[in-house]
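Everything on this sheet refers to the single structure shown next.
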Amino acid sequence: MATPADRIYSLEGKGLKLTTAEDIEPYLEELRNVENLEELRLNGNTIGAEAAEALASVLKTKPTLKIATLHDIFTSRLKDEVKQS
């Protein structure tokens, strides 16, 4: 069964480079406003350690999340950054 569109948040394929909490904040604000989030699509963007930490704090408030598509979110990041994330 497909996830209803109003329960999906997607930044899929936008090529965003989100390094700091400040970089990701506009998207986190949108994400906070998605009620009953079931699916998150962040693939095709790059997320640094600080941005990942900010994202994690929001995802902790989304108990209905079932699917997270996160492939390629560390493209162009150093190994040390990936470990921290």
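The values are calculated or read from the model by the stated rules, or taken from the named source; none is laboratory data. Everything quoted here is computed from the prediction, not taken from an experiment. Positions of Cβ are generated from backbone atoms using ideal geometry, with glycine treated the same way; all protein chains shown enter the neighbour counts. Remember, those area values only see protein heavy atoms, side chains included, never the ligands or the DNA or RNA. Shrake-Rupley method; radii C 1.70, N 1.55, O 1.52, S 1.80 Å.
Data overview
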read-out: Test set (1) of a type in the set (A, V, I, L, M, F, W, C); (2) at pLDDT below 95; (3) in contact with a Lys or Arg (Cβ under 7 Å, 6 or more places away or on another chain) - MET1 fails condition number; value: (3)
read-out: Top-ranked residue of segment 12-25 - restricted to ones that are open to solvent by 70 Å² or more (accessible area, probe 1.4 Å) and touching a strand residue (DSSP E or B) at 6+ places or on another chain (Cβ under 8 Å), ranked as nearest to PRO63 (Cα to Cα); value: GLU12
read-out: Flag for ILE47 being in contact (Cβ under 8 Å) with a residue 60 or more places away in the chain and touching a strand residue (DSSP E or B) at 6+ places or on another chain (Cβ under 8 Å); value: no
read-out: Residue identified as open to solvent by 50 Å² or more (accessible area, probe 1.4 Å) and either touching a strand residue (DSSP E or B) at 6+ places or on another chain (Cβ under 9 Å) or at pLDDT below 95 (or both) among LYS83, LYS62; value: LYS83
read-out: Residue within segment 26-33 that is open to solvent by less than 30 Å² (accessible area, probe 1.4 Å) and touching a strand residue (DSSP E or B) at 6+ places or on another chain (Cβ under 6 Å) present; value: yes
read-out: Filtered residues of segment 12-50 (kept if hydrophobic (A, V, I, L, M, F, W, C) and either modelled with pLDDT of 95 or more or assigned to a loop (DSSP other than H, G, I, E, B) (or both)); value: LEU16, ALA21, ILE24, LEU28, LEU31, VAL34, LEU37, LEU40, LEU42
read-out: Residue match in segment 68-79 (condition: at pLDDT 90 or above and acidic (Asp, Glu)); value: no
read-out: Tally, over segment 1-11, of residues that are loosely packed, with under 12 Cβ neighbours inside 10 Å and assigned to a helix (DSSP H, G or I); value: 2
read-out: Pairs, first within 18 Å of ILE67 (Cβ to Cβ) in segment 21-39, second open to solvent by 20 Å² or more (accessible area, probe 1.4 Å) and at pLDDT below 95, C-beta under 6 Å, six or more apart; value: GLU38/THR3; GLU39/THR3
